[in-house]
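Q: So that we are looking at the same thing, I have put the structure below in structure tokens.
The values are calculated or read from the model by the stated rules, or taken from the named source; none is laboratory data. The structure displayed is predicted, hence computed values, not measured ones. Glycine gets a Cβ as well: all are built from the backbone with ideal geometry, and neighbour counts include every protein chain shown. Only protein heavy atoms, including side chains, enter the accessible area calculation; ligands, DNA and RNA are left aside. Shrake-Rupley method; radii C 1.70, N 1.55, O 1.52, S 1.80 Å.
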Amino acid sequence: MQSLLNFLHDESISSPFRAELSNRGGYITFSNSGRRGDTKYFQIGIDSILTTLKDILTNIEVFSRIQDYEEKPWRDNGSIYFSDPVANANSTVQTKPLFSTLSKIIKWANQPTLNNLNTDNRISITPDTLENTITKLNVVADSFAPHSNSKIVKPPLNEPLQIIYYGAPGTGKSFTIDDKTDDENSVRTTFHPDSDYASFVGAYKPTMEYDDIHYVNSDGVVRYTNPDKNREGRVHPGTEKKIVYKYVPQAFLKAYVAAWSNLDTPYFLIIEEINRGNCAQIFGDLFQLLDRNNAGSSSYAIHADEDISQFLSSDNKGFAALSDEQKDAIRAFELHKDNGKTQAVGQNILDGKLLLLPPNLYIWATMNTSDQSLFPIDSAFKRRWNWKYMPIEYNPLDKKTQQPIDWKFQIGDNLYSWGQFLGKINPEIYTLTESSDKQMGYFFAKADNATGIISEDVFLNKVLFYLWTDVFKDFDVSSELFKNKKANRSFRFTDFFEDSEALGNFIDNLDLNSIEPVNLAMTEDGISRLSVKFPDGTILNTGNMIDIYTRTLERIGLDMVFSVLADRKKGIYPLITKEQIAIENPGSKRRYKKVGDYYLLVGPDTYPYAGIINELSSLLSIDLNAEFE
């Protein structure tokens with residue numbers, strides 16, 4: 001159903017008696033036909049029309065007999081039965097304009113039943129049409145606004161309208177925003193040093209579109225090619241693809257239009273890495289819109305430039321394709337200023353003349369403090385945002401399950417606590433840089449979803465690469481933690497590629513506790529599971545690696561294993577012994593596990609279990625196959 005505003009406007013185009021809903025105050029402005037050379041305009045309040053419709057309903061026996069317009073019966077009966085003084089006076093001096101206005105309103109309220117009614121010559125007077133009109137017109141009268149509902153639109157969420165989540169890299173800033181939004185109600189963009197107003201708001205760009213084929217004939221007249229059959233009998237459409245320049249909206253305008261299109265639904269403009277771009281250059285005059293009032297909208301509207309205005313008013317990606325209900329909601333919007341003043345800006349917003357952030361448009365951003373030197377944000381820009389510091393968590397909880405997230409990282413066959421590593425390295429970063437900006441958050445490196453393990457490749461090429469090429473590059477790294485004892489100097493990043501023992505030695509410097517491995521290890525193809533296959537087809541691949549290792553040795557026979565491995569050691573410790581031996585450094589988690597009459601040396605840094613099993617297979621000629629699946 002069309003709004004009363006649009007309906008009266010459209011209905012009056014072909015009528016000599018115009019009727020328009022006034023811009024403010026709930027009045028309808030109507031006119032005479034102007035046949036005598038001077039068109040006159042009159043106003044009547046919606047309440048006056050409601051009173052008149054009720055008068056007609058009360059005296060329906062009289063008025064139902066004069067549904068076709070005749071001036072004398074309508075003038076005489078109007079002066080008798082219309083109790084509203086404005087309607088009574090107009091019924092005697094502007095009889096047909098008032099008749100036509102009442103008929104238009106009744107037709108509007110009874111769409112589509114009365115769509116074929118000629119409102120200048122006939123009016124529909126039945127109990128149903130009158131009661132329906134009174135009900136719907138009451139809604140308009142109650143709104144206190146001409147176009148639609150003039151209720152104050154407030155932010156739909158109890159969340160900051162503009163907030164910047166900031167902190168060290170890997171502290172979960174983007175995840176926090178992503179957890180509160182979705183792809184259906186958000187537009188995401190990332191700032192970078194080349195970002196500008198056009199890439200953020202919109203600009204004219206070349207695009208391919210079909211256009212009419214035309215030519216200039218010999219007499220200089222432009223003619224267009226009509227669709228016709230060519231020589232092969234195929235129909236030519238009379239168009240061809242051409243390069244045309246068209247205004248293309250970017251993240252800001254996409255979010256702006258989406259938010260205005262549904263004022264009851266929250267919409268988010270998400271800006272990643274906001275300080276990596278020049279905010280003053282990117283926002284331009286939109287900077288003024290970031291001032292929000294108590295109702296949530298911009299405190300002040302700004303005038304849109306011609307390109308944006310034309311896009312918003314005329315382009316289907318702007319406001320042109322919105323439904324009547326959506327347009328009415330925008331028209332009805334009033335700017336309620338904090339000083340108590342009210343400004344009707346809805347129509348100008350719909351026409352693209354003014355720009356104003358609606359109260360349902362949230363602008364959320366992230367900022368890595370490690371990048372803050374790229375484009376410092378000035379104080380005027382800062383104070384228009386809420387700020388949320390994201391601290392580094394060394395023992396974070398899963399936000400959905402509230403269970404601890406216990407990631408590990410793998411070096412060789414050993415696993416170490418990722419949280420413990422961060423707890424060791426971040427204080428060193430702070431000591432060197434005298435700042436927490438370069439420290440690493442828990443989510444700086446991503447663990448495998450299935451295992452919760454950060455691979456050695458990721459640890460080396462992301463974590464250590466960041467430390468040596470970004471954090472340590474301008475500092476003298478002389479701490480014992482970073483000393484390459486083998487070369488008697490500080491570690492260089494290239495050491496980890498040139499010396500196979502360098503990575504393990506660096507981890508040893510940190511004095512991290514290795515973790516008893518699960519049945520997982522790093523192979524050339526990634527993380528795999530240890531599996532041992534016996535000649536009879538039996539396969540052991542469940543449990544952790546130590547469990548599979550000990551069960552395999554038991555199945556072979558510990559006496560046979562002892563006979564070939566008795567002299568084999570890891571450092572000073574035998575791999576298998578009949579007597580328990582004390583471990584001097586329990587921090588390594590190396591230990592002896594009693595199995596039958598023997599003690600087996602186990603632990604994350606003991607020996608590659610698959611290698612021991614395959615060596616036993618060769619020594620004992622039993623055709624075992626230990627591999628990582």
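Q: Percent of accessible area on the chain owned by carbon and sulfur, 1.4 Å probe?
A: Roughly 46 percent, rounded to a whole number.
Q: Which peptide among 437-446, 469-478 comes first, and what is the full order, when sorted by highest mean count of other Cβ atoms within 10 Å?
A: Top to bottom by mean Cβ count within 10 Å: 437-446, 469-478.
Q: Could you name the lysines in cross-link range of Lys424, using Cα to Cα under 23 Å and dropping any fewer than eight places away on the same chain?
A: Lys424 reaches Lys173, Lys408, Lys438, Lys446, Lys462, Lys473, Lys483, Lys485, Lys486, Lys589.
Q: Where only protein heavy atoms count, and the probe is 1.4 Å, what is the accessible area per residue for the chain in Å²?
A: 51
Q: So, R0 is 30 Å and r is the distance between the beta-carbons of Glu306 and Thr207; what FRET efficiency does that work out to, to 0.05?
A: Details: r = 20 Å, r/R0 = 0.65.
It comes out at approximately 0.95.
Q: Which value in deg cm²/dmol, rounded to the nearest 500, describes the helix-derived mean residue ellipticity at 222 nm for the chain, given -39,500 (n - 2.57) per DSSP H run of n ≥ 4 and division by the residue count? Write down the numbers at each step before the final one.
A: Details: 21 runs with 194 residues, N = 629.
Computed ellipticity for the chain at 222 nm equals -9000 deg cm²/dmol.
Q: Here is a further query. In straight Cα distance, which lysines are under 25 Å from Lys594, not counting same-chain residues fewer than 8 positions off?
A: Answer for Lys594, where 25 Å is the Cα cut-off: Lys533, Lys569, Lys570, Lys578, listed by chain and number.
Q: Assuming R0 = 25 Å, what is the FRET efficiency of Asp10 and Val139, from their Cβ-Cβ distance, to the nearest 0.05?
A: 0.80
Q: Simple spin-label model, 7 Å along Cα-to-Cβ: Ile60 to Gln402 in nm?
A: It works out to 6.2 nm between the two label points.
Q: Under a cut-off of 21 Å between alpha-carbon atoms, report the lysines in cross-link reach of Lys96, not counting same-chain residues fewer than 8 places apart.
A: Reachable lysines: Lys40, Lys54, Lys72, Lys104, Lys107.
Q: I would also like to ask the following. Take the Cα atoms of the chain, build their convex hull, and give its volume per residue in Å³. Before the final figure, lay out each step's value.
A: Numbers: hull volume 203.8 nm³, N = 629.
Residue-normalised Cα hull volume stands at 324 Å³.
Q: Kindly state, to the nearest 0.05, the FRET efficiency for Val248 paired with Asn449, given R0 = 35 Å and r defined as their beta-carbon distance.
A: Calculated value: 0.40.
Q: Multiply the residue separation of Ala320 and Asn461 by 0.36 nm, subtract the distance between their alpha-carbon atoms, and state the gained length in nm to one decimal.
A: That works out to 45.7 nm of additional length.
Q: While we're looking at this one, here's another question. Could you give the semi-axes, largest first, of the ellipsoid that matches the range 540-586, computed as the square roots of 5 times the alpha carbon gyration tensor eigenvalues and rounded to whole Å? Walk me through the numbers before you get to the answer.
A: On the way: eigenvalues 84, 49, 14 Å².
Gyration-tensor ellipsoid for the range 540-586: 21, 16, 8 Å.
Q: On to the next question. Find how much the distance from Lys72 to His192 grows on full extension, using 0.36 nm per residue of separation minus their present alpha carbon separation; answer in nm with one decimal. Please report the intermediate quantities before stating the final value.
A: On the way: separation 120, 0.36 × 120 = 43.20 nm, distance 7.56 nm.
So the chain would gain 35.6 nm between Lys72 and His192.
Q: Take each of the peptides 616-624, 351-359, 52-60, average the number of other beta-carbon atoms within 10 Å over its residues, and list them starting from the highest. Please list the in-between numbers first.
A: Working: 616-624: 14.1, 351-359: 21.6, 52-60: 18.1.
So the order, starting with the most tightly packed, is 351-359, 52-60, 616-624.
Q: For Thr542 and Ser313 in the same chain, what is the full-extension length gain: residue separation times 0.36 nm, less their Cα-Cα distance, in nm?
A: 75.9 nm
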